[in-house]
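J.: Quick one: structure below, then a few questions.
The values are calculated or read from the model by the stated rules, or taken from the named source; none is laboratory data. This one's a predicted model, so the numbers in the text were calculated from it and none came from an experiment. Note that each Cβ is placed from the backbone with ideal geometry, even for glycine, and that neighbours are counted across all protein chains shown. Just the protein is used for accessible areas: all its heavy atoms, side chains included, with ligands, DNA and RNA removed. Shrake-Rupley method; radii C 1.70, N 1.55, O 1.52, S 1.80 Å.
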Amino acid sequence: MTEQDLPTGFPAGFLWGAATAAYQIEGAAGEDGREPSIWDTYSHTPGRVLNGDTGDVAADHYHRWADDVRIMAELGLMAYRFSIAWPRIMPGGRFNPKGADFYSRLVDALLERGIAPVATLYHWDLPQHLEDAGGWPVRDTALRFAEYAEAIGRVLGDRVHTWTTLNEPWCSAFLGYGSGVHAPGRTDAAAAIAAAHHLNLGHGLAVEALHSVAGPQARYSVTLNLHHVRGESASEADAVRRVDGIANRIFLDPMLTGRYPDDLREDTAAITDWGFVRDGDEKTIAVPLDVLGVNYYAPTLVRRWDGSAPKQTADGHGASAHTAFPGCEDVEFLAQPGPYTAMGWPIDATGLTELLLRLHRDHPGTPLMITENGAAFDDRVDADGRVRDERRVAYLRDHIGAAKAALDAGVDLRGYFVWSLMDNFEWAYGYSRRFGIVHIDYESQQRTWKDSAHWYRRVIAANTP
């Protein structure tokens, strides 16, 4: 089919894909030289993950990748967004050819089937030895990240379609070091803000490193889980501003404008003096990007807390006595009306349109890509072998429609990646939440297409929902 033959709907060349992450699907936790990551340590710590689940086996993608690529091809995927496990590539800080070979085979298989490889360098699996040395709150981790980027870039740089440096650095910093509901499970607000800066710095340094080794076809990106923050009423503008600063602009502003927001520094002045920011850091962070990845699942509703009534904390990121939003201690996160996904997140596709329009308005000229969007539901395989996930189909249809509305309004939107290709280890929720369009039986490792997978294949073929 030529571009002229494509049906009306999304523009010709719009990239339809699916996404996964290494620790969530690969398994083979101790094979071929891989060292433990912070998620290995966290998941093996009693009480951290629901049901004591770990990523030791997960979906066994490390051994079943060829079958999984065949599924991708049958789906008609144009692109596959996967993450590279840093602990496989640089165990103990030394390059591991066996770890790199796995991804080299995967990339070659994708290219043979016409699927563009979109490689994420960091999807939360920091090598444990670097956490032992201080983790993301210390500057040296950003330098080690650049070394890792250069090492894997030398192997894959001539074949990867798009390099994504970080996935959701907000989660890495503020769930990992602030609220402690993600690995490594620390609860230190000042460390969380320092981690955010060093993640930003690592992003800039990694792109610089890749430029030195990757081919001329390579494109560069970062993926942010931007919070679409709404106030309960028009009078809640200050609460919205505060949350937007620590959730969104702490990454958007240095990456796209070369400067941290003054109001963010003021809001967090009682927590940190920002002394970890050195001369030249913000320039390094603002390295030019070819596309900005956007992950969206649900909007966020806030209001100023009156200090007396029980404080609502329905931010969707897991229960903790420690905040994931330092500088927002006088803001409460409100429960929103349903319907909800199995994660307890409200289903509201209008937030995606509004978020994309906001980015288009605030950062004109920045191409956008929806790099994750999807929903967890309590799926089951029926007696006839079918997975009837009608609610997921409805969710995806509404959100793809919301993306189209933004595109029609002038947003430069280049593609859409469903989360996730397959059911997987859902972090602190273990295997209790299913996001995949392909069902995984974790005992047999059998793959079963859900109704949503068949539906998504038709969307890709028609270039429209």
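J.: Residue 245 versus (1) in a helix (DSSP H, G or I); (2) small (Gly, Ala, Ser); (3) surrounded by fewer than 18 Cβ atoms within 10 Å (Cβ to Cβ): which is the lone unmet condition?
T.: With respect to (1) in a helix (DSSP H, G or I); (2) small (Gly, Ala, Ser); (3) surrounded by fewer than 18 Cβ atoms within 10 Å (Cβ to Cβ), residue 245 is out only on (3).
J.: Continuing with the same structure: Hey, can you tell me all the residues within segment 425-465 that are small (Gly, Ala, Ser) and on the phi < 0 side of the Ramachandran plot?
T.: Residues satisfying the conditions are 428, 432, 436, 444, 452, 453, 461, 462.
J.: If you go through segment 131-165 one residue at a time, how many are farther than 28 Å from residue 79 by Cα and without any contact (Cβ under 8 Å) to a residue 60 or more places away in the chain?
T.: Residues that pass the stated criteria total 5.
J.: Return the residue satisfying two criteria in turn: it lies in segment 305-315 and is in a loop (DSSP other than H, G, I, E, B) and in contact (Cβ under 8 Å) with a residue 12 or more places away in the chain, and of such residues it is least open to solvent (accessible area, probe 1.4 Å).
T.: The qualifying residue least open to solvent (accessible area, probe 1.4 Å) is 315.
Here is a yes/no grid of residues against (1) assigned to a loop (DSSP other than H, G, I, E, B); (2) hydroxyl-bearing (Ser, Thr, Tyr); (3) under 18 Å from residue 23 (Cβ atoms); (4) in contact with a Leu (Cβ under 7 Å, 6 or more places away or on another chain):
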{"position": "142", "(1), (2), (3), (4)": "no, no, no, yes"}
{"position": "154", "(1), (2), (3), (4)": "no, no, no, no"}
{"position": "158", "(1), (2), (3), (4)": "yes, no, no, no"}
{"position": "171", "(1), (2), (3), (4)": "no, no, yes, no"}
{"position": "179", "(1), (2), (3), (4)": "yes, yes, no, no"}
{"position": "185", "(1), (2), (3), (4)": "yes, no, yes, no"}
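J.: Tally time: how many residues in segment 105-127 are outside any loop (DSSP other than H, G, I, E, B), open to solvent by 20 Å² or more (accessible area, probe 1.4 Å) and in contact (Cβ under 8 Å) with a residue 24 or more places away in the chain?
T.: 3
J.: Before we move on, is residue 368 more than 17 Å from the chain's Cα centre (by Cα) and open to solvent by less than 10 Å² (accessible area, probe 1.4 Å)?
T.: No: the conditions fail for residue 368.
J.: Give me a count of the residues in segment 233-242 that are open to solvent by less than 30 Å² (accessible area, probe 1.4 Å) and either at pLDDT below 95 or of a type outside the set (A, V, I, L, M, F, W, C) (or both).
T.: So the answer is 1.
J.: Give just the number: which of (1) in contact (Cβ under 8 Å) with a residue 12 or more places away in the chain; (2) open to solvent by 60 Å² or more (accessible area, probe 1.4 Å) does residue 46 not satisfy?
T.: (1)
J.: Give 406, 394, 349 a once-over and let me know the one that is within 25 Å of residue 313 (Cβ to Cβ) and either of a type outside the set (Ser, Thr, Tyr) or surrounded by fewer than 15 Cβ atoms within 10 Å (Cβ to Cβ) (or both).
T.: Within the list 406, 394, 349, the selection yields 349.
J.: Would you mind stating whether residue 361 is open to solvent by less than 50 Å² (accessible area, probe 1.4 Å), of a type in the set (D, E, K, R) and part of a helix (DSSP H, G or I)?
T.: The answer is no for residue 361.
J.: Within segment 316-346, take every residue that is assigned to a loop (DSSP other than H, G, I, E, B) and of a type in the set (Ser, Thr, Tyr) and give me the one that is surrounded by the fewest Cβ atoms within 10 Å (Cβ to Cβ).
T.: Here the answer is 320.
J.: Considering segment 451-465 alone, what residues qualify as being crowded, with 16+ Cβ neighbours inside 10 Å and in contact with a Gly (Cβ under 7 Å, 6 or more places away or on another chain)?
T.: Those that are crowded, with 16+ Cβ neighbours inside 10 Å and in contact with a Gly (Cβ under 7 Å, 6 or more places away or on another chain): 457, 460, 463, 464, 465.
J.: OK, next. Only residues that are of a type in the set (Ser, Thr, Tyr) and open to solvent by 50 Å² or more (accessible area, probe 1.4 Å): list them for segment 207-232, please.
T.: Within segment 207-232, just 212 meets the criteria.
J.: Which of the residues that make up segment 201-242 are assigned to a helix (DSSP H, G or I) and free of Cβ contacts under 8 Å to residues at least 60 places away in the same chain?
T.: 211, 234, 235, 237, 241
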